[in-house]
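The values are calculated or read from the model by the stated rules, or taken from the named source; none is laboratory data. Quick caveat: nothing in here was measured; it's all calculated off a predicted structure. Note that we place each Cβ from the backbone using ideal geometry, even for glycine, and neighbour counts take in every protein chain shown. Only protein heavy atoms, including side chains, enter the accessible area calculation; ligands, DNA and RNA are left aside. Shrake-Rupley method; radii C 1.70, N 1.55, O 1.52, S 1.80 Å.
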2 protein chains.
Amino acid sequence: MNTELILKNVSKHITLNDAERQFFLSMLESRFIKRKELHLKEGEVCKHSTFIVSGALKGFTIDKQGIEHVINFAIKDWWIGDMYSLISQQPGILNIEALADSEVLMLSRENQHLLYEKVPKFERFFRIIVENSLVASQQRLINNLSLTAEERYLEFMKKYSSILEYAPLHTIASYLGITPEFLSKIRGRMARKPA
Amino acid sequence: MNTELILKNVSKHITLNDAERQFFLSMLESRFIKRKELHLKEGEVCKHSTFIVSGALKGFTIDKQGIEHVINFAIKDWWIGDMYSLISQQPGILNIEALADSEVLMLSRENQHLLYEKVPKFERFFRIIVENSLVASQQRLINNLSLTAEERYLEFMKKYSSILEYAPLHTIASYLGITPEFLSKIRGRMARKPA
DNA sequence: TTGTTTTCTTAACCTAGTTCAAGGTTTTAG
DNA sequence: CTAAAACCTTGAACTAGGTTAAGAAAACAA
């Protein structure tokens, strides 16, 4: 189990002593996910918060017309999960799939609650993680409401360039809220008369 | 200061003893906001989390073309604030304005941190509040990506009917991500051939 | 009470983005 | 190495929703 990265991630917001660190690590479960493998399937109850050690995943829903909508990406050093299902313990609507072979560390809901009991600092840690997710989610909403598709694509490349290595065009189009054909057209336009 | 509602709100997630309750209440500041009055202006640093005792507020941004985008509403028993500015202490992009005469209770960032020190349970309380906001924000993203304007309007009426009493049509249109003219058209259509 | 502002509607025309279809290229699995 | 699958591009026809404009109705301030 490769724990260096997650310990560094935690230490960004809280400080652990040796015993706490050991206890935290004992709560984690390592897993390797192959490219295209589903880590979480809609309809299931989400039982873990997942930290990405290497690789990349996408979270997505499928609407009534069978169209896939990418809700978020997660790469090295990020957390992912179906927050709705995780807190309500109801069947979720999120699918989580690997974009590349990935190593993740999983913290089960029960262990997370144990952690809150034994090391209350983790309440703070996850509060901050969730706060940051909320800011990102709201910023994306604002972008979707106020920018054109082309502007959103430029923003995306600026902010998440590392994801371009993992996600094919139609997945990025889905994240941006447009069709793959239209993203292709935008690219063509940009290549012809660049910024 | 009308504290009954906020104490009930807090008690949904954590239990306070008398001293803790008194301490919490001593951290709050009451404010009355007139309809159309700005509670927070973009460019300012957001210094408070705000709990609504009565009335209704909207949070919105204004894009380069001067168009207003409603990010969220807040009514009785909800919290509102510019999370980005609140945690980064950078100038924010959110405006918060009263839709009706409102009474709010404000918890300053400093007091919130004091509260975290003195009564660590509040880390949990605000973690849960933020988790719920994140779920709502993601659900809205999913709706924006996968539903038509008419479907979003129907969803909105089902879920937030109480806001219809406070917000004029053009404000709801902005929240839905469409123009007031188009929402008016949808209404006309729905009136002619109802569900 | 009356002028002013805000709100809502309707209609004609316009456009960003979609749909459908087809062909070409790259990646992958066996 | 090769067939199949996944991926990307382009173009023509289409549509959900936007823009502009103008008028009616309601709410509000003086």
Relative to the other copies, what are the label-point distances for B:Ser11, with labels 7 Å from Cα along the C-beta vector, expressed in nm at one decimal and sorted shortest first? 4.4
Shielding of A:142-150 by partner chains, average beta-carbon count, 10 Å: 4
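Working from the alpha-carbon coordinates of chain A, get Rg over Rh, Rh being the Kirkwood radius. Walk me through the numbers before you get to the answer.
Numbers: Rg = 18.1 Å, Rh = 18.0 Å.
Over the Cα atoms of chain A, Rg/Rh equals 1.00.
Take every Cα pair under 8 Å in the stretch B:4-119 that's 6+ residues apart, average their separations, divide by the length, and report that relative contact order as a whole percent. Intermediate values should be presented prior to the final figure.
Working: 222 pairs, mean separation 43.8, N = 116.
Relative contact order for the stretch B:4-119 comes out at 38 percent.
Per residue, how much accessible surface does chain B expose to a 1.4 Å probe? Answer in Å², no decimals. Provide the component values of the computation, followed by the final result.
Details: 9610 Å² over 195 residues.
Using a 1.4 Å probe on heavy atoms only, each residue of chain B averages 49 Å².
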Listed residues A:His170, A:His69 arranged by accessible area, highest first, probe 1.4 Å: A:His170, A:His69
Taking the full set of protein chains and a 1.4 angstrom probe, give the accessible area of A:Thr179 in square angstrom, rounded to the nearest 10. 70 Å²
Relative to the longest principal axis of the C-alpha atoms of chain B, give the angle of the C-alpha long axis of helix B:149-159, reported between 0 and 90° and rounded to the nearest 10°. 40 degrees
For helix B:121-146, report the angle its Cα long axis makes with the longest principal axis of the Cα atoms of chain B; keep it between 0 and 90° and round to the nearest 10°. 10 degrees
Rounded to the nearest Å, what's the spacing between the alpha carbon centres of the stretch B:91-140 and the stretch A:24-99? Just the number, please. 27 Å
What does the copy distance list look like for B:Pro120, label position 7 Å along Cα→Cβ, in nm and ordered from shortest? 0.5
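In percent, what relative contact order does chain A have, based on Cα pairs under 8 Å that are 6 or more apart in sequence?
On the way: 275 pairs, mean separation 46.3, N = 195.
Value for chain A: 24 percent.
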Between 0 and 90°, nearest 10: helix B:109-118 axis offset from chain B longest Cα axis: 50 degrees
Would you mind getting me the FRET efficiency between A:Glu42 and B:His113? Use the beta-carbon distance for r and R0 = 22 Å, nearest 0.05. 0.05
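Could you give the Stokes-Einstein D for the protein assembly as shown in µm² per second, using the C-alpha Kirkwood radius, 4 °C, 1.567 mPa s? Could you put the intermediate results ahead of the total?
Numbers: Rh = 22.6 Å.
Estimated via Stokes-Einstein, D reaches 57 µm²/s.
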Take B:Arg31, project a point 7 Å from its Cα along the Cβ direction, then tell me which residues of the stretch B:103-118 have their backbone nitrogen under 13 Å from it. B:103-109
Inter-copy spacing of B:Gln65 label points, which lie 7 Å from Cα along Cα→Cβ, given in nm from shortest upward: 2.3
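In the protein assembly as shown, what percent of the accessible surface is made up of carbon and sulfur (1.4 Å probe, ligands and nucleic acids excluded)?
On the way: 10150 of 19210 Å².
Reported share for carbon and sulfur atoms: 53 percent.
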Range of Cα positions in the stretch A:4-119 per principal axis (Å), largest first: 51, 29, 21
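Using DSSP to define loop residues, name the GluC sites (Glu not before Pro) in the stretch A:40-138 whose beta-carbon has at most 15 other beta-carbon atoms within 10 Å.
Details: sites: A:Glu42, A:Glu44, A:Glu68, A:Glu97, A:Glu103, A:Glu110, A:Glu117, A:Glu123, A:Glu131; in loops: A:Glu42, A:Glu44.
Listed in order of number, the matching sites are A:Glu44.
Tell me the mean residue ellipticity at 222 nm calculated for the protein assembly as shown from its helices only (DSSP H runs of n ≥ 4, each -39500 (n - 2.57), averaged over every residue, nearest 500). Could the numbers behind the result be given before it?
On the way: 18 runs with 190 residues, N = 390.
Helix-only estimate at 222 nm: -14500 deg cm²/dmol.
How well do other chains shield peptide A:55-61, expressed as the mean number of their Cβ atoms within 10 Å of each residue Cβ? The partial results should precede the final answer.
Details: counts 0, 0, 0, 0, 1, 2, 5.
For this peptide, the per-residue mean of nearby foreign Cβ atoms is 1.
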